[in-house]
Amino acid sequence: MIDWAWVGDHLDDLAWRILQHFTLAAIAVGLGFAVSLALSIWVLRRPRLRAAVVTASGVLYTIPSLALFAALVPVTGLSLVTAEVPLVLYTLLIFMRNILAGLDAVPPDVLEAADAMGYSSGTRLALVELPLALPLVIGGIRLASVSTIGLVTVSGILGDRFGGLGFFIFEGYRHTFMTEILFGALPSIALAIAVDVALVAVQRRLTPWAAQQVPEGMRPAAAS
Amino acid sequence: MSSAERVVFEHVTKRYPGTGAGNPGAVEDLSLEVPAGKVCVLVGPSGCGKTTSLKMVNRLIEPTSGRILIGDTDVGRRDVIELRRRIGYVIQQVGLFPHQTVGENVATVPRLLGWDVGRQRARADELLDLVGLDPASYAARYPSALSGGERQRVGVARALAADPPVLLMDEPFGAVDPIVRERLQNELLKLQERLAKTILFVTHDIDEAIKMGDLVAVMQLGGHLAQYATPDEILARPANDFVGRFVGADRGLKRLALVRVGSVDLQPVTTAMVGGDAAEARRRAAEDDFPYVLVVDERNRPLEWCRDDAIPAEGTVAATNGLPAAPIFDRHTTLKDALSMLLASDVQAGIVVDDARAVRGLVTADMIGDRIRASAETAAVSSGAT
């Protein structure tokens, strides 16, 4: 069923397609995160604006991806911009929700203590609120990465300069060649899992304090 | 150590938008002075404005009118960030930073002030020592690995890190169990003997106020200061019905917690030394109307109580089968503790000893009872006069 000879002939292609796939996804996640972080900080203490921005990012998320790629072609052509804009837009909802949830979850007593010790609002955000939001923020990065790696395949519709591993899926589909379809699909799944595992490791590294959290009843019986 | 500074409220009023005076958290024309190095406890029912008053000192809340001075400086004229770094702040939920170690938490203000890292660390260790936590085992832990009492200690250490002249404490021991609270209160009092900071301490618990305060400010709903005086004065002469009800019908009893055995005129006691002449002891025992003789050793240390008629008619005094020589008080025992021990003892007299454990005299339940009645009378007289 699998044409192993064909697989053997295309391993070089596989390597650079994986790299392309990863790069397309990384650009989208990076840009999406930067935009979302800026938007989140901007709307954080503006409740009405916040509701509007979160709703808008939700509406964007409902647009079918194939349609969005197609709709952009007349505007930006078969370019990198056309490939990245939908990918970036789809990350906004995930990032905004997680960043804001993370910032909302910072305990009020911690904020009061920070104010009382003489943090300015900027240093408080940078040194207290964002670090404490980190577990949820990295959770958002994991979610957005996995979903973007899936979506990059769809950008293969813009031609063989895009799509990463999706290129093989489109080609295999066109020639009804199952080996090539799997040649694109399985590595893209593996890539998503690998990135997710790597991000979990990063999270452990960046938030040692969250790992040390012990349930109330299981704390060492230290003298009070 | 930077010296403590006085804190002065001058006609401070806080009203919330859209509400008049008398709403929860409002403060109405508050004027009081906390002398440098003293503990002032703000106490009152919830909504009386005590926490609002506290938070106006470090400008977490800005007053509607009036001003607050630290030393001679109006806090409203100082840069708010710089002001707060010079005022220690401890709250009930502690508010430790979960993502920082205990050492980093304690060094927060020194870090904000830009001290070099070595000095920050040395200061954090010094303060952990001060609050009774071994830096070697605690500095590298995260707050999630601490008990409630330990967190509160770290909170106090953090507030003291930059050696501020003023410390604000908002129900600092409200969230820990009574045994830990008692211990933390005692530790804070001991700490204060060494540091002599100006402390503003908020609580809703009148017993805590009496125990912790050099001065107590009783506030009532509407943010009015009902009385500002020493704990003893407040218990002896409540300024109005509200204060009287707030300190409770048992205020005579509470006052006993403020008086120590060392300040009481002791009742003399008839003693008989072991090995002394029994007939002579028996004769002396009959001279007072107390039915017991205290048997002591050759250095006048109490051994046991012996009924007058159980002393042999001749021969020598021996410590044999009398009642235990208890309770024993020293000059630091409060009359409140003394009374509760007396109520549980066989002989209704407490033996007061000095540092060498030699007998000085007796405190009886009757003496304490007289004291309660006397303070109740002075209170009645003063409330009749107002």
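General remarks:
- Residue match in the stretch B:289-297 (condition: of a type outside the set (A, V, I, L, M, F, W, C), within 41 Å of the chain's Cα centre (by Cα), buried (at least 16 other Cβ atoms within 10 Å of the Cβ) and within 18 Å of B:Arg360 (Cα to Cα)): yes
- Test: residue in the stretch B:76-97 that is buried (at least 16 other Cβ atoms within 10 Å of the Cβ), in contact with a helix residue (DSSP H, G or I) (Cβ under 8 Å, 6 or more places away or on another chain) and within 16 Å of B:Ala140 (Cβ to Cβ): yes
- Filter pass, B:Pro164 being in contact (Cβ under 8 Å) with a residue 12 or more places away in the chain, crowded, with 19+ Cβ neighbours inside 10 Å and farther than 22 Å from B:Thr203 by Cβ: no
- Helices (runs of 4 or more DSSP H) fully within the stretch B:224-313 that include at least 2 residues being under 24 Å from B:Asp366 (Cα atoms): B:231-236, B:251-256, B:278-287.
- Considering (1) modelled with pLDDT under 90; (2) surrounded by 12 or more Cβ atoms within 10 Å (Cβ to Cβ), the lone condition that A:Ala192 does not fulfil carries the number (1).
- Among the residues of the stretch B:305-343, those that are of a type in the set (Val, Ile, Thr) and either within 19 Å of B:Phe290 (Cα to Cα) or not assigned by TED's automatic domain parsing to the domain that holds B:Val274 (or both) comprise B:Ile311, B:Val317, B:Ile328.
- Number of positions in the stretch B:314-365 that are of a type outside the set (A, V, I, L, M, F, W, C), in a loop (DSSP other than H, G, I, E, B) and farther than 24 Å from B:Lys254 by Cβ: 9
- Of all the numbered requirements in (1) surrounded by fewer than 19 Cβ atoms within 10 Å (Cβ to Cβ); (2) outside any helix (DSSP H, G or I); (3) not polar (S, T, N, Q), B:Glu126 misses one, and that requirement is (2).
- Inside the stretch B:65-97, residues that are in a helix (DSSP H, G or I), within 14 Å of chain A (Cβ to nearest Cβ) and free of Cβ contacts under 8 Å to residues at least 24 places away in the same chain make up a count of 4.
- Where A:Met117 falls short, out of the listed (1) more than 23 Å from B:Leu168 (Cβ to Cβ); (2) within 14 Å of another protein chain (Cβ to nearest Cβ); (3) among the aliphatic types (A, V, I, L, M): (1)
- Test: residue in the stretch B:35-54 that is within 24 Å of the chain's Cα centre (by Cα), surrounded by 22 or more Cβ atoms within 10 Å (Cβ to Cβ), closer than 30 Å to B:Asp177 by Cα and within 9 Å of chain A (Cβ to nearest Cβ): no
- The residue that is farthest from the other protein chains (Cβ to nearest Cβ), among those in the stretch A:132-166 that are more than 15 Å from the chain's Cα centre (by Cα), in contact (Cβ under 8 Å) with a residue 40 or more places away in the chain and surrounded by fewer than 21 Cβ atoms within 10 Å (Cβ to Cβ), is A:Gly159.
- Evaluation of A:Pro47 against the conditions (1) more than 23 Å from the chain's Cα centre (by Cα); (2) more than 18 Å from A:Leu103 (Cβ to Cβ) shows that the sole unmet condition is (2).
The values are calculated or read from the model by the stated rules, or taken from the named source; none is laboratory data. Note that the structure is predicted; figures quoted are calculated from it, not measured. For neighbour counting, all protein chains shown are included, and Cβ atoms are generated from backbone atoms with ideal geometry for every residue, glycine included.
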